[in-house]
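Data first, discussion second: the structure below is written as structure tokens.
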Amino acid sequence: MTADAFDDDIQVVRSRLLKLRDGDELLDIDESAATADDVDAIRRHRLPIRRALVSELIEFLDARSDIIDLQVRNGLDPEELFGAADDEEEP
């Protein structure tokens, strides 16, 4: 897999996260059980936190993209490094 392919994957995930952050999917409201007060509480208290978490994931992806670029510039294969990280996680 090339660095461009990794970048393409990162950009796809990033765009999906942006849509998630800016949409109502993060509310996760059960319309049949939620009252207007429940919806209001979720919008005021939980939605900002959930959006902040998604923003952190986007920042992580951006940083990972930069790391891949540096790896490729230094002649390293990002796929091998991903594989090495996966191997280390197994017990």
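Every number here is computed from the coordinates shown, using simple stated rules; none is lab data. Not measured: the values here are computed from a predicted model. When we count neighbours, we look across all protein chains shown, and the Cβ atoms used for this are built from the backbone with ideal geometry, even at glycine.
Name the residue, out of Leu57, Leu76, that is surrounded by 10 or more Cβ atoms within 10 Å (Cβ to Cβ), closer than 27 Å to Thr2 by Cβ and within 15 Å of the chain's Cα centre (by Cα).
Leu57
For segment 20-39, enumerate the residues that are under 18 Å from the mean Cα position of the chain (by Cα) and either assigned to a loop (DSSP other than H, G, I, E, B) or not acidic (Asp, Glu) (or both).
Initial filter on segment 20-39 (under 18 Å from the mean Cα position of the chain (by Cα)): 20-28.
If the condition is that a residue be under 18 Å from the mean Cα position of the chain (by Cα) and either assigned to a loop (DSSP other than H, G, I, E, B) or not acidic (Asp, Glu) (or both), then Leu20, Arg21, Gly23, Asp24, Leu26, Leu27, Asp28 are the ones that fit.
Out of all the residues in segment 2-43, which are of a type in the set (S, T, N, Q) and more than 23 Å from Glu56 (Cα to Cα)?
Matches in segment 2-43: Thr2, Ser32, Thr35.
Between a residue in segment 35-61 that is within 14 Å of Gly23 (Cα to Cα) and any residue that is of a type in the set (Lys, Arg), which pairs come within a Cβ distance under 8 Å, given they are 6 or more apart or on different chains?
Final answer for the pair search is Arg51/Arg21; Val54/Arg21; Ser55/Arg21.
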